[in-house]
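Data block below; observations after.
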Amino acid sequence: DNKYHGRAPAYVVVEEGDHRVLRDYAGGEVPALMLCYPLPRSSMACDWLRAFLDVGGWTLVHVGEFCGWTRSLTFKELLVKRMTCVGRHPVLWWGGDCAKLTIWQRRDGVEVGTRSVL
C-alpha cells in the first residue's frame, strides 16, 4: 500500500525492497537515485541516501519538501554535508505542500556544515 495514495495503482511496476538492495551494486555503477516524496518522520530517505553514497552513488534527484510534510532532519543534514545542490525546479503542488524537484551531486572528500542551501 502507498501511504500517500492508498490502493491507487502505480503507473509502472514498483519492486518491493529497501535501501539494502543497493549493496548488490557495491563496486559497480550507481549513477543516480531518485527519492520522490519520502515518508515523513521516517529514516527511509536517510537510509537510502547513506546506502547510495556508500556504493559510490553520484547524483540524487529529490522531489519533496525540506521543511514540510516530507522533511527529515537527519536526511537534510547528511545531504548538505555530502552533496551540493546543482538544480532546483518547481513541481505541481497539491494541498498544503511546497515541494520542489532538486538535483544534487556528490561532493567527495569535502565536508561542510549543515547550513541549508535551499
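List of remarks:
- Near Met83, the amide H atoms lying under 5 Å from its own belong to Arg107; only residues 5 or more places off or on other chains count, and H is placed 1.01 Å from N.
- Carbon plus sulfur fraction of accessible area for region 25-66, probe 1.4 Å, in percent: 58
The values are calculated or read from the model by the stated rules, or taken from the named source; none is laboratory data. Everything quoted here is computed from the prediction, not taken from an experiment. Just so you know, the surface numbers come from the protein's heavy atoms only, side chains and all, with ligands and any DNA or RNA stripped out. Shrake-Rupley method; radii C 1.70, N 1.55, O 1.52, S 1.80 Å.
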